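Reading through the structure tokens given below for one structure.
Nothing in this text is a laboratory measurement; each read-out follows from the coordinates by a stated rule. From a predicted model like this one, the values you see are computed outputs, not experimental measurements. Methodologically, a virtual Cβ is constructed for each residue, glycine included, from the backbone with ideal geometry; neighbour enumeration extends over all protein chains shown.
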Amino acid sequence: MGGGFWTPDYSNDGKFIEAISYAITKGINVIDTAEMYGGGHTEELVGKAVSSFNRDDVFIITKVWSNHLKYDDVIKSAVNSAKRLNVKYIDLYLIHWPNPSVKLSETISAMEELVDKGIIRCIGVSNFDVELLKEAIATAKKYEIVADEIEYSIYNLSPERDLIPFAKKQGLEVIAYSPLGQGQIKAEDRLADIARKYGKSQAQVALAYVKKDAIPIPKSEDKKHIDEIAEVLKFDLTDDDIREIRRRFSS
């Protein structure tokens, strides 16, 4: 993630701002970040990148870290994230990771207050399994839980067993991080024939598989890779190929 991991890294700011801006021009308008990325600096980079675009043309997701889930901390975190992003509102605000030491009702109550104040527009969660997702849905009183961001790729098909079917039944969006298996796709050969059939790369086929049930959020600062990702928006796999990919990666 550009901008550092736990602490800020300013060494490649220009490169990351340019990459985000370029992705938006290619039609990739969902931007995922979090307050913990780069100690908040990644949000600053996103803010600089989106500042030259119409605010309504980008959808910004950010997340509150697990040690900020008490009521007042959630409010403070969201306000600070909006300031770093330099936006009047956050489109989707997620609980980054569950924290069993803080009641979910306290966190969601604060998030609903943030919607009332116009600081965020939608509420969601991340890394919640089915049971936690059920609890979150039941806990939300004023606004619906609209999304769960999870790890999902051809290398991790476990969400297809229960979480994705449950989310679909509830009308929730599934957002997939690490949709290329954290780089595993670079050494992959099991998709070569299917990729040739579509005239696409194996990475594009892997993303097309994920997008049938989720919104994949791959990360890249390379313009060629961004072009490759953008092309995935333009084609779909057949049902037969989806079944064949599932068979190959389930065994």
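Here are the numbers:
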| read-out | value |
| --- | --- |
| Charge dipole (debye, nearest 20) of region 47-88; +1 at Cβ of Lys and Arg, -1 at Cβ of Asp and Glu | 140 |
| Convex hull volume per residue for region 36-164, taking Cα atoms only, in Å³ | 118 |
| Sparsely packed chymotrypsin sites (Phe, Trp or Tyr not before Pro) within region 196-251, loop by DSSP, other Cβ within 10 Å at most 11 | none |
| Trypsin sites (Lys or Arg not before Pro) within region 84-183: DSSP coil, no more than 11 neighbouring Cβ in 10 Å | Lys88, Lys141, Arg161 |
| Within region 61-103: backbone nitrogen closer than 15 Å to the Ser51 label point (7 Å, Cα to C-beta) | 82-88 |
| Value at 222 nm in deg cm²/dmol, rounded to 500, when DSSP H runs of n ≥ 4 in the chain each add -39,500 (n - 2.57) | -13000 deg cm²/dmol |
| Efficiency of FRET from Cβ geometry, Thr7 and Glu173, R₀ 41 Å, rounded to 0.05 | 0.85 |
| Pairs from Lys48/Lys212; Lys26/Lys212; Lys168/Lys223; Lys48/Lys76; Lys26/Lys70; Lys76/Lys142 whose Cα-Cα separation, in the structure shown, is over 27 Å | Lys48/Lys212; Lys168/Lys223; Lys26/Lys70 |
